Every structure is written in C-alpha cells, then in structure tokens.
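The values are calculated or read from the model by the stated rules, or taken from the named source; none is laboratory data. Quick caveat: nothing in here was measured; it's all calculated off a predicted structure. For neighbour counting, all protein chains shown are included, and Cβ atoms are generated from backbone atoms with ideal geometry for every residue, glycine included. With ligands, DNA and RNA removed, areas are computed over all heavy atoms of the protein, side chains included. Shrake-Rupley method; radii C 1.70, N 1.55, O 1.52, S 1.80 Å.
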Amino acid sequence: MRQIESMKRIIITVDGWSSCGKSTMARQLAKQLNYIFIDSGAMYRAITLYFLRNNTDIKDLTSVIAALKNIQLSFQINSSNGNNEIWLNGENVEQFIRGMEVAEKVSEVAAIKQVREFAVKQQQMIGEKKGIVMDGRDIGTAVFPNAELKIFMTADNEVRVLRRFKELSDKNPSIHIEEIRSNLAQRDHMDSTREVSPLRKAEDAVVLDNSHLTPDEQLQLALGWAREKIQD
Ligand code: DC
C-alpha cells in the first residue's frame, strides 16, 4: 500500500461546540496524516486580544474596520512543542488568547461580519494547497463548503464544562466552575444564533460525539474516515 502521505491530499473540516475537544482531535489527526493543522478559533481570539489591548470599540464599525487594517495574523510551528501557533503582528500570542478575558469577548467579536470576512479570506488562502485539517464553527459550512471530509464534533454539556474547568484551573486555580459553565452556555448560544455563518452541522458532515470516547478512540474513528476519503 502506498504511504498515506504520498496519496491524494484533502481538506478536513472539524466544527462543533466550544470545548468538545476539536483542536486536540484535529491536531492529532493532522499529525497522523502529515497535514497542516489550523485552529481558526485562535484567529478570532487573536483579533479579540488586539481589540482589547487597543480599546477598540466593537460597537463602532468604523473603528473595527480601521483596527483590522492593523492586524497581521500568521501561524508558525513552535519547534519546542511542534504546535502550529498563532502570531499577531510579529508576536506569538498563544499564551494570551486562552484566558477568560478573551473568552468573554470573542463570540461577540466573531459575530461581526467584517471580522469574519477578514478571517475567512485568510483561512481559504491557507487551505489552497489542501493537506489541511481546520477546526472552528463554520469551516464545513462557509470556509470550505466543498471539503472532502467534514466532521461535526459534540459532547454532553457537563462533560465539556468539566474538561474546560480542568484545562483552565491548571493555569488559574482560583477559577470557578460556574464561571466556565455560564461562559460556555453564552458562547454556544451566541455562536449558533448569530446572523453571519452561525454554528451548524453541514448536511454532509459526519457526527463525532466524544462524550464517552478516549482521545485515542476518537482519533481512530476520524482517521478511518479520512483514510476512506483519501483512498477514494
Ligand atoms: O474554538 P474556540 O473556542 O477557540 O473559538 C473561539 C471563538 O471564536 C468561539 O466562541 C467562536 C468563534 N469562532 C468562530 O466563530 N468561527 C470559527 N471558525 C472559529 C471560532
């Protein structure tokens, strides 16, 4: 059998609710296939960080458009951990975009049409050469509607809250689980009800509910689907 790396290169989209492990799965899947992994949420988070740092009034479209002109985003591999990390105007901002401050604002920022156009354009350019796994909310529906494999991830609410709590409390022991529960509920609501490209399952997406799966079990499932499409 031919090595999988030398076979047809496809686009794999991974969409779904907040904190259901999309990035973890998508990153591992990309690694197994020798594909590029792009966390599109990191782009919305980095834009939000820029707005917060520069006191951009997100209710004022003129300010938003002006601010977007000053934002340059890129992904670069961090040689110490092998991860594809986000850079904002020449600075690696990976460690600044995961806290509650950004989390509380990001859904509002991601609902702005001009912000989405800015991010989607770059996402489509990154995907031009295929061989990519991209995770987000609208990747299978709006960014790559013709992707060969679309995965829609979900998990029980409480499972997601506990996972997120564990992730954040490792870094910030004073964080309360209630704060996380309400932030997740709020983001789910905003992401799925916004006007522009709301979160929804693409009709041709396969559903991966990982509430009761180990990371390896979910990876094997996704890898099986990917291999089928690659060998088509
Ligand atoms: O995946 P994440 O939690 O890092 O995403 C952060 C926010 O960005 C999330 O609340 C919704 C938004 N987002 C989006 O609207 N579209 C995407 N493709 C990715 C993320």
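Here residue 34 meets the list (1) more than 30 Å from residue 229 (Cβ to Cβ); (2) open to solvent by 20 Å² or more (accessible area, probe 1.4 Å) almost entirely, failing just condition (1). Only a single item in (1) modelled with pLDDT of 95 or more; (2) closer than 21 Å to residue 223 by Cα is not met by residue 82, and it is number (1). Highlighted here are the strands (runs of 3 or more DSSP E) found entirely within region 114-232 that include at least 1 residues which are of a type in the set (Asp, Glu) and either surrounded by 15 or more Cβ atoms within 10 Å (Cβ to Cβ) or in contact (Cβ under 8 Å) with a residue 60 or more places away in the chain (or both): 132-136, 206-209.
Only one of 141, 154 is within 12 Å of the ligand (Cβ to nearest atom), in contact with a strand residue (DSSP E or B) (Cβ under 9 Å, 6 or more places away or on another chain) and over 22 Å from residue 83 (Cβ atoms). Can you tell me which? Answer to the selection: 141.
Take region 97-113 and flag every residue that is more than 9 Å from the ligand (Cβ to nearest atom) and either crowded, with 20+ Cβ neighbours inside 10 Å or small (Gly, Ala, Ser) (or both). Answer for region 97-113, where residues must be more than 9 Å from the ligand (Cβ to nearest atom) and either crowded, with 20+ Cβ neighbours inside 10 Å or small (Gly, Ala, Ser) (or both): 99, 112. Picking from residues in region 42-64 that are small (Gly, Ala, Ser) and buried (at least 20 other Cβ atoms within 10 Å of the Cβ), the one that is nearest to residue 224 (Cα to Cα) is 42.
Of all the residues in region 7-22, those that are under 24 Å from residue 166 (Cα atoms) and surrounded by fewer than 19 Cβ atoms within 10 Å (Cβ to Cβ) number 0.
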